[in-house]
Amino acid sequence: MSDFDAAPIAAIATPAGNGGVGIVRISGPQLHSLLRPLFGQELAPRLASFTAFLDADGRVIDRGIAIYFPAPHSYTGEDVIELQAHGGQVLMQILLKRVLALDAELGIRLANAGEFTLRAFLNGKIDLTQAEAVLDLIQANSETAVRSAQASLSGFFSARVSTMVEQLIHLRMLVEATLDFPEEEIDFLEASDARGQLLRIKSSLNATLASTRQGVILRQGARIAIAGPPNVGKSSLLNALAGDTLAIVTPVAGTTRDRIHASIQIHGITLDFFDTAGLRETDDDVEKIGILRSYETIDQADLLLWIADAQAPDLHFDQEAINQQVPKLVIFNKIDCCAEAALQKLRAQWPQAIQISARMDLGLEYFKDALLNALGLAQTQAEQSETTFTARTRHVSALTNALIHLQNAQNHADSGNQNLELMAEELRHSQKFLEDITGRFSADDLLGEIFSGFCIGK
(Lines give C-alpha, C1' and ligand atoms only; values in the text may rest on other atoms or scores of the structure.)
Protein backbone atom coordinates (compact mmCIF):
# COMPACT_ATOMS: atom_id res chain seq x y z
CA MET A 1 0.00 0.00 0.00
CA SER A 2 2.31 2.74 -1.29
CA ASP A 3 -0.11 5.56 -0.44
CA PHE A 4 0.13 4.86 3.31
CA ASP A 5 3.42 5.47 5.10
CA ALA A 6 4.34 3.79 8.38
CA ALA A 7 5.31 6.96 10.29
CA PRO A 8 3.76 7.28 13.77
CA ILE A 9 0.45 9.12 13.80
CA ALA A 10 -1.44 11.02 16.49
CA ALA A 11 -4.90 12.54 16.79
CA ILE A 12 -7.58 13.59 19.24
CA ALA A 13 -9.90 10.58 19.43
CA THR A 14 -12.84 12.25 21.17
CA PRO A 15 -15.42 14.57 19.54
CA ALA A 16 -14.84 18.30 19.31
CA GLY A 17 -16.12 20.31 22.24
CA ASN A 18 -15.59 20.38 25.98
CA GLY A 19 -16.16 17.21 27.99
CA GLY A 20 -15.22 15.44 31.16
CA VAL A 21 -12.58 13.32 29.41
CA GLY A 22 -10.64 13.79 26.17
CA ILE A 23 -8.34 11.25 24.52
CA VAL A 24 -5.20 11.74 22.45
CA ARG A 25 -4.12 8.57 20.65
CA ILE A 26 -0.70 7.73 19.18
CA SER A 27 0.11 4.74 16.97
CA GLY A 28 3.30 3.65 15.26
CA PRO A 29 6.51 1.66 15.60
CA GLN A 30 8.95 2.06 18.50
CA LEU A 31 6.83 4.34 20.67
CA HIS A 32 8.49 3.10 23.87
CA SER A 33 11.04 5.91 23.58
CA LEU A 34 8.26 8.47 24.04
CA LEU A 35 7.16 7.27 27.47
CA ARG A 36 9.76 8.94 29.67
CA PRO A 37 9.77 12.32 27.86
CA LEU A 38 5.98 12.47 27.94
CA PHE A 39 5.26 11.00 31.38
CA GLY A 40 8.60 11.16 33.23
CA GLN A 41 8.41 7.40 33.83
CA GLU A 42 8.04 4.02 32.18
CA LEU A 43 4.54 2.55 31.87
CA ALA A 44 3.58 -1.07 32.47
CA PRO A 45 2.09 -2.53 29.28
CA ARG A 46 -1.71 -2.62 29.04
CA LEU A 47 -2.26 -1.14 32.51
CA ALA A 48 -3.95 2.18 33.21
CA SER A 49 -1.50 4.51 34.96
CA PHE A 50 -2.42 7.77 36.66
CA THR A 51 0.38 10.13 35.70
CA ALA A 52 1.36 13.66 34.74
CA PHE A 53 1.55 14.74 31.11
CA LEU A 54 4.71 16.83 30.72
CA ASP A 55 5.71 19.56 28.30
CA ALA A 56 9.20 19.86 26.78
CA ASP A 57 10.49 21.63 29.93
CA GLY A 58 9.10 19.00 32.29
CA ARG A 59 6.19 21.14 33.45
CA VAL A 60 2.82 19.51 34.01
CA ILE A 61 0.27 20.13 31.27
CA ASP A 62 -2.38 17.97 32.94
CA ARG A 63 -2.75 14.81 34.98
CA GLY A 64 -4.77 11.83 33.84
CA ILE A 65 -4.70 8.20 32.70
CA ALA A 66 -2.09 6.84 30.27
CA ILE A 67 -2.10 3.37 28.71
CA TYR A 68 0.70 1.81 26.67
CA PHE A 69 -0.13 -1.07 24.28
CA PRO A 70 3.03 -2.63 22.79
CA ALA A 71 2.68 -4.19 19.35
CA PRO A 72 1.09 -6.41 18.20
CA HIS A 73 -1.45 -6.41 21.06
CA SER A 74 -3.24 -3.19 20.19
CA TYR A 75 -6.09 -1.90 18.07
CA THR A 76 -3.81 -1.03 15.15
CA GLY A 77 -1.30 -3.86 15.60
CA GLU A 78 1.41 -1.23 16.24
CA ASP A 79 2.60 0.35 19.49
CA VAL A 80 -0.25 2.52 20.78
CA ILE A 81 -0.24 5.14 23.55
CA GLU A 82 -3.45 6.74 24.80
CA LEU A 83 -3.63 9.86 26.95
CA GLN A 84 -6.92 10.34 28.79
CA ALA A 85 -6.99 13.91 30.08
CA HIS A 86 -9.60 16.50 31.02
CA GLY A 87 -11.64 17.17 27.91
CA GLY A 88 -11.18 20.88 27.27
CA GLN A 89 -10.70 21.87 23.63
CA VAL A 90 -7.64 24.05 24.27
CA LEU A 91 -6.09 21.44 26.57
CA MET A 92 -6.56 18.73 23.92
CA GLN A 93 -4.83 20.87 21.32
CA ILE A 94 -1.92 21.56 23.69
CA LEU A 95 -1.48 17.83 24.34
CA LEU A 96 -1.70 16.99 20.64
CA LYS A 97 0.86 19.68 19.79
CA ARG A 98 3.18 18.30 22.48
CA VAL A 99 2.85 14.77 21.08
CA LEU A 100 3.52 15.89 17.50
CA ALA A 101 6.71 17.65 18.63
CA LEU A 102 7.99 14.75 20.78
CA ASP A 103 10.52 13.10 18.50
CA ALA A 104 11.78 14.51 15.21
CA GLU A 105 13.46 11.21 14.31
CA LEU A 106 10.21 9.28 14.53
CA GLY A 107 8.42 11.94 12.52
CA ILE A 108 5.06 11.80 14.30
CA ARG A 109 2.36 13.37 12.14
CA LEU A 110 -1.34 14.13 12.40
CA ALA A 111 -3.44 11.11 11.46
CA ASN A 112 -5.64 11.13 8.39
CA ALA A 113 -9.35 10.33 8.63
CA GLY A 114 -9.82 6.69 9.57
CA GLU A 115 -6.09 5.98 9.60
CA PHE A 116 -6.05 4.14 12.93
CA THR A 117 -8.65 1.69 11.62
CA LEU A 118 -6.89 1.56 8.25
CA ARG A 119 -3.71 0.44 10.00
CA ALA A 120 -5.67 -2.18 11.90
CA PHE A 121 -6.82 -3.50 8.52
CA LEU A 122 -3.39 -3.34 6.89
CA ASN A 123 -1.83 -5.11 9.88
CA GLY A 124 -4.36 -7.94 9.75
CA LYS A 125 -6.19 -7.10 12.97
CA ILE A 126 -9.52 -6.81 11.12
CA ASP A 127 -10.73 -7.34 7.57
CA LEU A 128 -12.43 -4.74 5.40
CA THR A 129 -16.02 -5.58 6.38
CA GLN A 130 -15.06 -5.29 10.05
CA ALA A 131 -13.37 -1.96 9.39
CA GLU A 132 -16.55 -0.66 7.75
CA ALA A 133 -18.54 -1.99 10.71
CA VAL A 134 -16.50 0.24 13.04
CA LEU A 135 -17.90 3.29 11.26
CA ASP A 136 -21.38 1.75 11.17
CA LEU A 137 -21.22 1.21 14.94
CA ILE A 138 -20.22 4.83 15.52
CA GLN A 139 -22.97 6.16 13.25
CA ALA A 140 -25.72 3.72 14.33
CA ASN A 141 -28.98 5.57 15.07
CA SER A 142 -30.99 2.73 16.60
CA GLU A 143 -30.54 -0.24 18.90
CA THR A 144 -31.05 -2.62 15.98
CA ALA A 145 -28.38 -0.82 13.97
CA VAL A 146 -25.97 -1.11 16.90
CA ARG A 147 -26.57 -4.86 17.21
CA SER A 148 -26.21 -5.36 13.47
CA ALA A 149 -22.98 -3.35 13.28
CA GLN A 150 -21.61 -5.31 16.22
CA ALA A 151 -22.41 -8.56 14.38
CA SER A 152 -20.37 -7.35 11.40
CA LEU A 153 -17.55 -6.13 13.65
CA SER A 154 -17.40 -9.51 15.37
CA GLY A 155 -16.79 -11.14 11.98
CA PHE A 156 -20.21 -12.72 11.34
CA PHE A 157 -20.48 -11.40 7.76
CA SER A 158 -16.79 -12.05 7.08
CA ALA A 159 -17.13 -15.66 8.24
CA ARG A 160 -20.00 -16.30 5.83
CA VAL A 161 -18.02 -14.87 2.93
CA SER A 162 -14.84 -16.71 3.93
CA THR A 163 -16.72 -20.02 4.08
CA MET A 164 -17.97 -19.53 0.53
CA VAL A 165 -14.46 -18.59 -0.63
CA GLU A 166 -13.05 -21.79 0.89
CA GLN A 167 -15.76 -23.83 -0.81
CA LEU A 168 -15.00 -22.15 -4.13
CA ILE A 169 -11.28 -22.81 -3.73
CA HIS A 170 -11.97 -26.50 -3.10
CA LEU A 171 -14.23 -26.69 -6.15
CA ARG A 172 -11.63 -24.90 -8.29
CA MET A 173 -8.98 -27.39 -7.17
CA LEU A 174 -11.15 -30.29 -8.33
CA VAL A 175 -11.90 -28.66 -11.68
CA GLU A 176 -8.29 -27.72 -12.39
CA ALA A 177 -7.00 -31.12 -11.23
CA THR A 178 -9.28 -32.73 -13.78
CA LEU A 179 -7.90 -30.40 -16.44
CA ASP A 180 -4.33 -31.26 -15.46
CA PHE A 181 -4.84 -35.03 -15.47
CA PRO A 182 -7.29 -35.87 -18.25
CA GLU A 183 -5.71 -39.31 -18.68
CA GLU A 184 -7.31 -40.44 -15.43
CA GLU A 185 -10.59 -40.59 -17.32
CA ILE A 186 -12.57 -39.76 -14.22
CA ASP A 187 -16.12 -38.61 -14.69
CA PHE A 188 -15.43 -35.39 -12.85
CA LEU A 189 -18.97 -34.09 -12.41
CA GLU A 190 -20.18 -37.39 -10.95
CA ALA A 191 -17.18 -38.56 -8.93
CA SER A 192 -16.52 -35.27 -7.11
CA ASP A 193 -20.15 -34.12 -6.85
CA ALA A 194 -19.00 -30.86 -8.43
CA ARG A 195 -22.50 -29.95 -9.50
CA GLY A 196 -23.79 -30.52 -5.98
CA GLN A 197 -20.98 -28.46 -4.49
CA LEU A 198 -21.64 -25.65 -6.93
CA LEU A 199 -25.37 -25.64 -6.17
CA ARG A 200 -24.69 -25.51 -2.42
CA ILE A 201 -22.36 -22.54 -2.86
CA LYS A 202 -24.96 -20.87 -5.05
CA SER A 203 -27.62 -21.42 -2.39
CA SER A 204 -25.36 -19.89 0.27
CA LEU A 205 -24.64 -16.95 -2.01
CA ASN A 206 -28.33 -16.30 -2.61
CA ALA A 207 -29.07 -16.40 1.12
CA THR A 208 -26.13 -14.12 1.92
CA LEU A 209 -27.18 -11.69 -0.80
CA ALA A 210 -30.70 -11.47 0.68
CA SER A 211 -29.26 -10.82 4.17
CA THR A 212 -26.86 -8.26 2.73
CA ARG A 213 -29.67 -6.30 1.11
CA GLN A 214 -31.35 -6.20 4.53
CA GLY A 215 -28.05 -5.06 6.03
CA VAL A 216 -27.91 -2.14 3.60
CA ILE A 217 -31.36 -1.06 4.75
CA LEU A 218 -30.29 -1.30 8.40
CA ARG A 219 -27.23 0.85 7.73
CA GLN A 220 -28.62 3.55 5.47
CA GLY A 221 -32.39 3.18 5.92
CA ALA A 222 -35.11 2.40 3.41
CA ARG A 223 -37.02 5.01 1.42
CA ILE A 224 -40.76 4.51 1.97
CA ALA A 225 -43.06 6.51 -0.32
CA ILE A 226 -46.59 7.19 0.91
CA ALA A 227 -48.71 7.83 -2.17
CA GLY A 228 -52.26 7.72 -3.46
CA PRO A 229 -55.12 10.04 -4.45
CA PRO A 230 -55.92 13.17 -2.43
CA ASN A 231 -57.80 12.92 0.87
CA VAL A 232 -57.18 9.23 1.55
CA GLY A 233 -55.20 9.86 4.75
CA LYS A 234 -51.56 9.81 3.62
CA SER A 235 -50.56 12.65 5.92
CA SER A 236 -52.62 11.19 8.75
CA LEU A 237 -50.65 7.95 8.45
CA LEU A 238 -47.33 9.80 8.55
CA ASN A 239 -48.44 11.71 11.64
CA ALA A 240 -49.65 8.52 13.32
CA LEU A 241 -46.33 6.75 12.67
CA ALA A 242 -44.31 9.72 13.88
CA GLY A 243 -46.51 10.33 16.92
CA ASP A 244 -46.52 14.02 16.03
CA THR A 245 -48.16 16.47 13.65
CA LEU A 246 -45.60 16.62 10.85
CA ALA A 247 -48.02 17.13 7.98
CA ILE A 248 -51.10 19.37 7.75
CA VAL A 249 -54.33 17.39 7.60
CA THR A 250 -57.53 18.99 6.24
CA PRO A 251 -60.60 17.81 4.29
CA VAL A 252 -59.45 19.96 1.36
CA ALA A 253 -58.04 17.95 -1.55
CA GLY A 254 -54.49 18.97 -2.53
CA THR A 255 -53.47 20.18 0.94
CA THR A 256 -50.08 18.44 0.64
CA ARG A 257 -48.25 20.17 -2.22
CA ASP A 258 -44.72 18.83 -1.71
CA ARG A 259 -42.86 15.89 -0.22
CA ILE A 260 -42.62 15.75 3.58
CA HIS A 261 -39.78 13.61 4.94
CA ALA A 262 -39.51 12.00 8.36
CA SER A 263 -37.11 9.40 9.77
CA ILE A 264 -39.15 7.11 12.01
CA GLN A 265 -38.19 4.03 13.98
CA ILE A 266 -40.42 0.99 13.47
CA HIS A 267 -39.63 -1.74 16.03
CA GLY A 268 -36.11 -0.36 16.45
CA ILE A 269 -35.37 0.04 12.71
CA THR A 270 -35.01 3.53 11.28
CA LEU A 271 -36.93 4.10 8.04
CA ASP A 272 -37.27 7.22 5.88
CA PHE A 273 -40.90 8.03 5.07
CA PHE A 274 -41.91 10.47 2.32
CA ASP A 275 -45.47 11.79 2.32
CA THR A 276 -46.32 12.90 -1.21
CA ALA A 277 -48.88 15.09 -2.93
CA GLY A 278 -52.13 13.38 -3.87
CA LEU A 279 -52.12 11.97 -7.42
CA ARG A 280 -54.91 13.40 -9.59
CA GLU A 281 -55.58 15.50 -12.67
CA THR A 282 -55.32 19.20 -11.82
CA ASP A 283 -55.00 22.62 -13.47
CA ASP A 284 -53.13 24.07 -10.49
CA ASP A 285 -49.51 24.69 -11.60
CA VAL A 286 -48.13 24.43 -8.06
CA GLU A 287 -49.97 21.17 -7.41
CA LYS A 288 -48.72 19.82 -10.74
CA ILE A 289 -45.13 20.32 -9.56
CA GLY A 290 -45.93 18.50 -6.32
CA ILE A 291 -47.48 15.59 -8.24
CA LEU A 292 -44.43 15.36 -10.50
CA ARG A 293 -42.24 15.14 -7.40
CA SER A 294 -44.55 12.44 -6.05
CA TYR A 295 -43.82 10.25 -9.07
CA GLU A 296 -40.08 10.95 -8.70
CA THR A 297 -40.24 9.90 -5.04
CA ILE A 298 -42.07 6.70 -5.95
CA ASP A 299 -39.48 5.82 -8.60
CA GLN A 300 -36.67 6.20 -6.03
CA ALA A 301 -38.44 4.31 -3.24
CA ASP A 302 -37.52 0.93 -1.81
CA LEU A 303 -41.19 0.38 -0.95
CA LEU A 304 -44.42 2.11 -1.91
CA LEU A 305 -47.35 2.43 0.48
CA TRP A 306 -50.34 2.98 -1.78
CA ILE A 307 -53.11 4.49 0.36
CA ALA A 308 -56.76 4.17 -0.68
CA ASP A 309 -60.01 5.17 0.95
CA ALA A 310 -61.82 2.12 2.32
CA GLN A 311 -65.12 3.89 1.64
CA ALA A 312 -64.53 4.05 -2.14
CA PRO A 313 -61.81 1.53 -3.02
CA ASP A 314 -62.69 1.07 -6.68
CA LEU A 315 -62.46 4.78 -7.35
CA HIS A 316 -59.21 5.43 -5.55
CA PHE A 317 -56.87 2.60 -6.49
CA ASP A 318 -54.96 2.76 -9.78
CA GLN A 319 -52.06 0.33 -10.21
CA GLU A 320 -51.17 1.73 -13.62
CA ALA A 321 -50.39 5.16 -12.18
CA ILE A 322 -47.22 4.01 -10.44
CA ASN A 323 -43.88 2.40 -11.26
CA GLN A 324 -44.53 -1.33 -11.48
CA GLN A 325 -40.93 -2.14 -10.49
CA VAL A 326 -41.31 -0.70 -6.98
CA PRO A 327 -42.57 -3.20 -4.34
CA LYS A 328 -45.92 -2.13 -2.95
CA LEU A 329 -48.19 -2.47 0.04
CA VAL A 330 -51.84 -1.54 -0.50
CA ILE A 331 -53.38 0.19 2.52
CA PHE A 332 -57.09 0.88 2.89
CA ASN A 333 -57.52 3.73 5.36
CA LYS A 334 -60.57 5.12 7.19
CA ILE A 335 -62.01 1.76 8.18
CA ASP A 336 -63.59 3.51 11.17
CA CYS A 337 -66.03 5.04 8.68
CA CYS A 338 -67.08 1.67 7.18
CA ALA A 339 -69.62 -0.95 8.26
CA GLU A 340 -68.33 -4.45 8.96
CA ALA A 341 -70.10 -5.85 5.88
CA ALA A 342 -68.29 -3.35 3.67
CA LEU A 343 -64.95 -4.28 5.24
CA GLN A 344 -65.61 -7.99 4.68
CA LYS A 345 -66.37 -7.30 1.03
CA LEU A 346 -63.16 -5.27 0.82
CA ARG A 347 -61.13 -8.12 2.32
CA ALA A 348 -62.60 -10.55 -0.21
CA GLN A 349 -61.77 -8.24 -3.10
CA TRP A 350 -58.27 -7.27 -1.87
CA PRO A 351 -57.08 -10.13 0.42
CA GLN A 352 -53.46 -8.92 0.47
CA ALA A 353 -54.34 -5.34 1.39
CA ILE A 354 -54.06 -3.95 4.91
CA GLN A 355 -56.95 -2.19 6.61
CA ILE A 356 -56.27 0.65 9.04
CA SER A 357 -57.60 3.83 10.52
CA ALA A 358 -54.73 6.24 10.91
CA ARG A 359 -56.96 8.73 12.72
CA MET A 360 -58.24 6.19 15.25
CA ASP A 361 -54.97 4.19 15.51
CA LEU A 362 -56.62 0.98 14.31
CA GLY A 363 -54.54 -1.77 12.69
CA LEU A 364 -51.28 0.18 12.88
CA GLU A 365 -49.32 -2.52 14.74
CA TYR A 366 -50.29 -5.10 12.14
CA PHE A 367 -49.36 -2.58 9.44
CA LYS A 368 -45.90 -2.05 10.97
CA ASP A 369 -45.24 -5.79 11.01
CA ALA A 370 -46.36 -6.06 7.38
CA LEU A 371 -44.12 -3.13 6.46
CA LEU A 372 -41.01 -4.76 7.93
CA ASN A 373 -41.99 -8.07 6.37
CA ALA A 374 -42.18 -6.41 2.96
CA LEU A 375 -38.63 -5.13 3.49
CA GLY A 376 -37.43 -8.56 4.62
CA LEU A 377 -36.83 -7.32 8.16
CA ALA A 378 -39.68 -8.97 10.07
CA GLN A 379 -37.59 -10.72 12.72
CA THR A 380 -37.56 -10.87 16.46
CA GLN A 381 -34.74 -9.11 18.29
CA ALA A 382 -33.16 -12.48 19.07
CA GLU A 383 -33.25 -13.46 15.39
CA GLN A 384 -31.78 -10.11 14.37
CA SER A 385 -28.94 -10.52 16.85
CA GLU A 386 -28.05 -13.87 15.32
CA THR A 387 -28.55 -13.28 11.61
CA THR A 388 -28.56 -9.55 10.80
CA PHE A 389 -25.46 -7.52 9.99
CA THR A 390 -24.84 -4.12 8.48
CA ALA A 391 -23.76 -4.02 4.86
CA ARG A 392 -23.12 -1.62 1.99
CA THR A 393 -24.12 -1.34 -1.63
CA ARG A 394 -20.60 -2.42 -2.67
CA HIS A 395 -21.19 -5.71 -0.84
CA VAL A 396 -24.46 -6.23 -2.71
CA SER A 397 -22.69 -5.47 -6.00
CA ALA A 398 -19.84 -7.89 -5.27
CA LEU A 399 -22.19 -10.70 -4.22
CA THR A 400 -24.38 -10.12 -7.27
CA ASN A 401 -21.37 -10.35 -9.60
CA ALA A 402 -20.10 -13.43 -7.77
CA LEU A 403 -23.52 -15.04 -8.26
CA ILE A 404 -23.54 -14.18 -11.99
CA HIS A 405 -20.16 -15.87 -12.51
CA LEU A 406 -21.27 -18.85 -10.44
CA GLN A 407 -24.35 -19.21 -12.65
CA ASN A 408 -22.09 -19.05 -15.71
CA ALA A 409 -19.95 -21.79 -14.19
CA GLN A 410 -23.04 -23.91 -13.65
CA ASN A 411 -24.07 -23.40 -17.28
CA HIS A 412 -20.65 -24.59 -18.46
CA ALA A 413 -20.79 -27.58 -16.11
CA ASP A 414 -24.20 -28.57 -17.42
CA SER A 415 -22.98 -28.43 -21.01
CA GLY A 416 -20.30 -31.12 -20.49
CA ASN A 417 -16.64 -31.63 -19.64
CA GLN A 418 -15.45 -29.94 -22.80
CA ASN A 419 -16.24 -26.60 -21.14
CA LEU A 420 -14.30 -27.19 -17.90
CA GLU A 421 -11.75 -24.51 -18.83
CA LEU A 422 -14.51 -21.93 -19.02
CA MET A 423 -16.06 -23.25 -15.82
CA ALA A 424 -12.74 -22.87 -13.99
CA GLU A 425 -12.40 -19.28 -15.21
CA GLU A 426 -15.90 -18.38 -14.04
CA LEU A 427 -15.21 -19.88 -10.62
CA ARG A 428 -12.04 -17.80 -10.38
CA HIS A 429 -13.98 -14.60 -11.14
CA SER A 430 -16.63 -15.52 -8.57
CA GLN A 431 -13.95 -16.05 -5.91
CA LYS A 432 -12.32 -12.73 -6.76
CA PHE A 433 -15.55 -10.79 -6.22
CA LEU A 434 -16.08 -12.48 -2.84
CA GLU A 435 -12.54 -11.66 -1.75
CA ASP A 436 -13.12 -8.01 -2.67
CA ILE A 437 -15.72 -7.89 0.11
CA THR A 438 -13.30 -8.71 2.92
CA GLY A 439 -10.45 -6.76 1.31
CA ARG A 440 -8.10 -9.61 0.54
CA PHE A 441 -7.57 -8.08 -2.89
CA SER A 442 -8.66 -4.44 -2.84
CA ALA A 443 -7.44 -1.48 -4.84
CA ASP A 444 -5.90 1.48 -3.02
CA ASP A 445 -8.56 3.85 -4.33
CA LEU A 446 -11.32 1.68 -2.80
CA LEU A 447 -9.56 1.74 0.57
CA GLY A 448 -9.16 5.50 0.37
CA GLU A 449 -12.87 5.95 -0.32
CA ILE A 450 -13.92 3.66 2.54
CA PHE A 451 -11.67 5.10 5.25
CA SER A 452 -12.17 8.75 4.27
CA GLY A 453 -15.60 8.58 5.91
CA PHE A 454 -14.12 8.02 9.37
CA CYS A 455 -13.35 10.71 11.92
CA ILE A 456 -9.71 11.78 12.35
CA GLY A 457 -9.16 9.98 15.67
CA LYS A 458 -10.49 6.60 14.52
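The values are calculated or read from the model by the stated rules, or taken from the named source; none is laboratory data. Values in this document were obtained by computation on a predicted structure and should not be read as measured data. Neighbour counts run over all protein chains shown; Cβ positions are idealised from the backbone, glycine included. We work out accessible area using only protein heavy atoms, side chains counted, and drop any ligands, DNA or RNA first. Shrake-Rupley method; radii C 1.70, N 1.55, O 1.52, S 1.80 Å.
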key: Simple label model, 7 Å out from Cα along Cβ direction - Glu143 to Tyr366, nm   = 2.6
key: Surface accessible to a 1.4 Å probe, Met173 within the full protein complex, Å²   = 120
key: Value of relative contact order over segment 1-108, rounded to a whole percent, pairs C-alpha under 8 Å and six or more apart   = 32
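Using the per-residue mean of other Cβ atoms lying within 10 Å as a proxy for protection, in what order, highest first, do the peptides 390-400, 333-343, 229-239 fall? Provide the component values of the computation, followed by the final result.
On the way: 390-400: 20.5, 333-343: 15.6, 229-239: 23.5.
Output ranking for 390-400, 333-343, 229-239: 229-239, 390-400, 333-343.
Trypsin sites (Lys or Arg not before Pro), restricted to segment 1-102: which are DSSP loop and have at most 15 other Cβ atoms within 10 Å? Let's see the in-between values first.
Values: sites: Arg25, Arg46, Arg59, Arg63, Lys97, Arg98; in loops: Arg46, Arg59.
Counting only loop positions with at most 15 other Cβ atoms within 10 Å, the trypsin sites (Lys or Arg not before Pro) in segment 1-102 are Arg46, Arg59.
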note = For Lys202, the lysines lying under 24 Å Cα to Cα, once residues fewer than eight places off in the same chain are dropped, come out as Lys432
query = Out of residues 5 or more away from Phe53 or on other chains, whose amide H comes under 5 Å of its own, with H placed 1.01 Å from N in the peptide plane?
reply = Ile61, Asp62, Arg63, Gly64
Solvent exposure, largest accessible area first (probe 1.4 Å, DNA, RNA and ligands not counted), of Ser27, Ser263 = Ser263, Ser27
ask   = Hey, if we sort His267, His405, His429, His73 by accessible area with the 1.4 Å probe, largest down, what's the order?
value = His73, His267, His429, His405
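Within 14 Å, Cβ to Cβ, of Glu166, how many net charges do the neighbouring residues add up to if Lys/Arg are +1 and Asp/Glu are -1? Walk me through the intermediate numbers first.
Working: positive: Arg160, Arg172, Arg200, Arg440; negative: Glu435.
Every neighbour counted, the sum reads +3.
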request  = Post the alpha-carbon centroid distance, segment 93-167 to segment 3-55, in whole angstrom.
outcome  = 18
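Set the Förster radius R0 to 30 Å, insert the Cβ-Cβ distance between Glu176 and Ala210 as r into 1/(1 + (r/R0)^6), and round the FRET efficiency to 0.05. Provide the component values of the computation, followed by the final result.
On the way: r = 31 Å, r/R0 = 1.02.
With a Förster radius of 30 Å, E is 0.45.
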note = Counting only residues 5 or more apart in sequence or on a different chain, those whose built amide H sits under 5 Å from that of Ala13 are Ile23, Val24, Arg25
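Excluding Ile61 itself, calculate the net charge of residues whose Cβ lies under 15 Å from the Cβ of Ile61, where each Lys or Arg counts +1 and each Asp or Glu counts -1.
Numbers: positive: Arg59, Arg63, Lys97, Arg98; negative: Asp55, Asp57, Asp62.
Result for the neighbourhood of Ile61: +1.
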query = Once amide H atoms are built 1.01 Å from N in the peptide plane, which residues 5 or more positions from Ala308, or in another chain, come under 5 Å H to H?
reply = Ile331, Phe332, Asn333
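Loop-only GluC sites (Glu not before Pro) in segment 25-117, please: DSSP not H, G, I, E or B, and at most 14 other Cβ atoms within 10 Å. Let's see the in-between values first.
On the way: sites: Glu42, Glu78, Glu82, Glu105, Glu115; in loops: Glu42, Glu78, Glu105.
Those that pass, being in a loop and sparsely packed, are Glu42, Glu105.
How many percent of DSSP beta bridges within segment 1-146 run antiparallel, rounded to 5? Each step should come with its number before you reach the end.
Numbers: 23 of 26 bridges.
Taking every DSSP beta bridge with both residues in segment 1-146, the antiparallel ones total about 90 percent.
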task = Pop the C-beta distance of Ser203 and Ala348 into the FRET formula with R0 = 35 Å and round what comes out to the nearest 0.05.
result = 0.40
query = Mind listing the phi-derived Karplus ³J(HN,Hα) values for segment 22-35, rounded to whole Hz, using 6.51, -1.76 and 1.60 with θ = phi - 60°, and x for any glycine or proline?
reply = x, 10, 10, 10, 10, 9, x, x, 6, 7, 4, 5, 8, 4
message = Through the Karplus equation 6.51 cos²θ - 1.76 cosθ + 1.60, θ set to phi - 60°, convert the phi angles of segment 390-402 into ³J(HN,Hα) values in whole Hz; use x for Gly and Pro.
response = 6, 8, 10, 4, 5, 5, 4, 4, 5, 5, 4, 5, 4
inquiry  = Just to check I understand the Karplus step: with θ = phi - 60° and J = 6.51 cos²θ - 1.76 cosθ + 1.60, what whole-Hz values come out for segment 164-177, glycine and proline as x?
reply    = 5, 4, 4, 5, 5, 4, 4, 5, 4, 4, 5, 4, 6, 5
